[in-house]
1. Taking residue 174, is it over 28 Å from residue 250 (Cα atoms), surrounded by fewer than 13 Cβ atoms within 10 Å (Cβ to Cβ) and in the same structural domain as residue 26 (by TED's automatic domain parsing)?
2. Of (1) in a loop (DSSP other than H, G, I, E, B); (2) modelled with pLDDT under 90, residue 428 satisfies all except one. Which?
3. Output the residue which, of all residues in the stretch 204-217 that are modelled with pLDDT of 95 or more and in contact with a helix residue (DSSP H, G or I) (Cβ under 8 Å, 6 or more places away or on another chain), is nearest to residue 262 (Cα to Cα).
4. Pairs only if they're at least six apart or on different chains, beta carbon under 9 angstrom, first in the stretch 223-239 and outside the structural domain of residue 272 (by TED's automatic domain parsing), second in a loop (DSSP other than H, G, I, E, B) and crowded, with 16+ Cβ neighbours inside 10 Å; list them, first residue then second.
5. Scan (1) over 32 Å from the mean Cα position of the chain (by Cα); (2) part of a loop (DSSP other than H, G, I, E, B); (3) surrounded by 13 or more Cβ atoms within 10 Å (Cβ to Cβ) for the single condition residue 112 breaks and write down its number.
6. Just checking: which of the strands (runs of 3 or more DSSP E) contained wholly in the stretch 126-231 hold 2 or more residues that are farther than 22 Å from residue 30 by Cβ?
7. Just for the stretch 198-221: of the residues that are within 13 Å of residue 247 (Cβ to Cβ) and touching a residue at least 60 places away in the same chain (Cβ under 8 Å), which one is surrounded by the fewest Cβ atoms within 10 Å (Cβ to Cβ)?
8. Within the stretch 165-181, take every residue that is without any contact (Cβ under 8 Å) to a residue 40 or more places away in the chain and touching a strand residue (DSSP E or B) at 6+ places or on another chain (Cβ under 7 Å) and give me the one that is nearest to residue 261 (Cα to Cα).
């Protein structure tokens, strides 16, 4: 236990004074509390949650275990890691906890003595009609100056913007409700909304789950921390991502509660599961469409002979590395897919979703028809049809390679790979200009494409981040031999 407490700082990417706030809010969200109040007064922080409470078993048996969590077996809970009590003790001289649920009413006090947490039973003091839990933290000298009403408001606005705007939040039982947040008697205002020229809803269906949100085009360039699309899980902002489409005026968010099982660490990271990859691909496609609508994406196709050569070389390279074969399989790169080609009836409607590609092809000797949408990915079945039925088309095999496009961008990167399977080469990057002058553009594009794929593979956990440098050298050495 002492070792756990000593290494607490290493557990968090955020400041511990912020962690003390968000861990308590996350626990509040997980249960059936309807309101959370923060009261800062004379070196004390009182956190009062009303509308629910802890049972006798949780309060007297599970909570004192400390290294465990009160929600150990619950995968649908933000606070399932059991770090809330630990971070409270870190910032405290003493922590008092009192709870009431139905006929049960209990209180206990916690202290760190020589780095080890100890607790004792106390007599309950509060008289509140509803069920509640109250955590009172007597702040230690280091955090008396850090934990202020202003810090708490800023933290709540940063991590829970849509909750403050009245968006219902889901608890660990799957129920939704509006959660009220109050600091020193005042309801916390949501952060100011950006002034935007255009916005568009995002909808992503992953299996039986749905994620929804908005993409915004702001009127002015955004500060770094506001750029990109934020992923929000059970009301908590987790990470933001550009999904391969960079612009300093693009922002947005998407609620994806089904990613609750994929959270790790201090909940600022996500395990890159199949669910995450499918969501990333869908968001990337809709973001691309939005940027096309506003004229922010001025991509340029490469000459077909260069594309053909690059496909041959990269597919040959991928063949030598099992890790990249796995990535290629997930992205539908360099593998055969069943494709439905329209017969003489012409264009066939399919049930495939946004982001599908048009596949041209006709039955021999017939005219008309523009092809059916074909969506890359792990599912390699035929494109299902409606209306005319599958009898209106024939199956053929089609091989899909990596798409490589050029794009002028202010992003300080040579190239990047998008979740929907496109490598963008930055034509404004100095090395691109240099390659043009030295007549070595094909080499530059191939190298950038390989770098972008390897970086994406590392980010997705296909290749370990600890070995990516040596792995990259091996890959480039093999490419040089081919």
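The values are calculated or read from the model by the stated rules, or taken from the named source; none is laboratory data. Just so it is clear, the model here is predicted, and its values are computed rather than measured. Please note: Cβ atoms are built from the backbone with ideal geometry, for glycine as well, and neighbour counts cover all protein chains shown.
1. It is true that residue 174 is over 28 Å from residue 250 (Cα atoms), surrounded by fewer than 13 Cβ atoms within 10 Å (Cβ to Cβ) and in the same structural domain as residue 26 (by TED's automatic domain parsing).
2. Result: residue 428 passes all but (2).
3. Out of the qualifying residues, it is 211.
4. Matching pairs, first to second residue: none at all.
5. Looking at each condition in turn, residue 112 falls short on (2).
6. 132-139, 196-206, 209-218
7. 198
8. 176
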